[in-house]
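The values are calculated or read from the model by the stated rules, or taken from the named source; none is laboratory data. Remember, predicted model here, so these are calculated numbers, not experimental data. Please note: Cβ atoms are built from the backbone with ideal geometry, for glycine as well, and neighbour counts cover all protein chains shown. Each accessible area value is taken on the protein alone, full model and side chains, heavy atoms only, with ligands, DNA and RNA left out. Shrake-Rupley method; radii C 1.70, N 1.55, O 1.52, S 1.80 Å.
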Amino acid sequence: MNTDLQEFSHKRFNILTGEWVLVSPHRAKRPWQGQNEDISNEQRPSHDINCYLCAGNRRINGEKNPKYKDVFVFTNDFAALQTTSPKFSVNEGLFKAESEQGICKVVCFSPDHSKSLADMALEDINKIVYTWQKEYTKLGNNDMINYVQIFENKGAVMGCSNPHPHGQIWGESSLPNEAYKKDKQQRDYFNKNKSSLLGDYLKQELETNERIIYQNDDFVVLTPFWAIWPFETMIVPKQQHANITKISQQENLGFADAISKITKAYDKLFECSFPYSSGIHQSPTDGEANMHWHWHMSFYPPLLRSATVKKFMVGYEMFGSPQRDITAEQAVYRLKSLIK
């Protein structure tokens, strides 16, 4: 391991976005006198009569949820994107705008209000994977939809307004910023090298074995070299697939296993229900082959030193570039020891 990377300030390049992150390992030693977050470890009931997402309950719009037994999907009652938005554009000098259409869905992972992905059985997580595949295909077949973003916000500190285990899927008419950057970087690399950018990166990571947290036959869980968040991780399929619909039933189980392993490790890290935002980046649904894409899932957890101390993206991060104190390798050492 390069000791300079563990001792001195430096920049690391994100090959998927073309951007840099500042790493300052010496700052991890500074005392903390800032804000401490409230982390709740209260035991939630398996069914909450006041929860809008629990089976059989009424949502805020008056609709009643079915008494679902596993995964339940519905169109978001407060969708950020509209199917009824008229097509328009504004191009008045330096004032530019374009209409955006889309569909937003909510995915309830389980009828059990008390669980998170870390608490679920492998077969139940596998059902969620199948649901993601089904919704990606369904939304992608809509001529209006050119990109499908699957994501989850877990925990109040990540802005989650309801503790019931759930995620979201947004289908929209154009590529959002992060997907656009990753599309360009992967396309440029593929056109130049005739190989997958993330596939070649994964080979190098497996050779050095410094940032690998866990792997099974089909997937690798690692902290990327360019990670921004303190305990950021990425799940990468060993075989290049453009999107999650391309993986086999065996790979489905491998993906579910990888999700189970890392979420359980997160909960053990600070002995709390670990908050994060996670999301899957995969090929657009624009009808193109998108041979350059290698899909992957990322976890961005905010906690830094303990269950109550979070990483703030302010100041330099807002006006300069992302910055982190704990190195990727130090984070891996801690997470890897918690994988069972």
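Using beta carbons and a limit of 7 Å, which pairs, at least six apart or on different chains, have the first residue in region 191-205 and farther than 13 Å from residue 222 by Cβ and the second one open to solvent by 10 Å² or more (accessible area, probe 1.4 Å)?
196/190; 196/240; 197/15; 197/185; 197/189; 197/190; 199/240
Give region 47-79 a look and list any residue that's touching a residue at least 60 places away in the same chain (Cβ under 8 Å) and either in a strand (DSSP E or B) or open to solvent by less than 70 Å² (accessible area, probe 1.4 Å) (or both), or say none.
Result: 48, 51, 53, 54, 71, 73, 76.
Specify which of the listed residues (321, 277) is polar (S, T, N, Q), within 22 Å of residue 11 (Cβ to Cβ) and surrounded by fewer than 21 Cβ atoms within 10 Å (Cβ to Cβ).
Exactly one residue qualifies, and that residue is 321.
What are the pairs with Cβ atoms under 9 angstrom where one residue, in region 252-270, is over 11 Å from residue 215 (Cα atoms) and the other, located anywhere, is crowded, with 20+ Cβ neighbours inside 10 Å and basic (Lys, Arg)? Sequence gap at least six, or different chains.
Every condition considered, the pairs that remain are 263/154.
Checking residue 268 against (1) surrounded by fewer than 20 Cβ atoms within 10 Å (Cβ to Cβ); (2) touching a Leu at 6+ places or on another chain (Cβ under 8 Å); (3) closer than 24 Å to residue 181 by Cα, only one condition comes out false. Which one?
(3)
Being buried (at least 22 other Cβ atoms within 10 Å of the Cβ) and of a type in the set (D, E, K, R) is the filter here, so list the residues in region 236-259 that pass it.
Result: no residue meets the conditions.
Need the failing condition index for residue 330 against (1) in a loop (DSSP other than H, G, I, E, B); (2) open to solvent by 20 Å² or more (accessible area, probe 1.4 Å), just the number.
(1)
All but one of (1) within 20 Å of residue 304 (Cα to Cα); (2) assigned to a helix (DSSP H, G or I) hold for residue 225; which doesn't?
Among (1) within 20 Å of residue 304 (Cα to Cα); (2) assigned to a helix (DSSP H, G or I), the lone unmet condition for residue 225 is (2).
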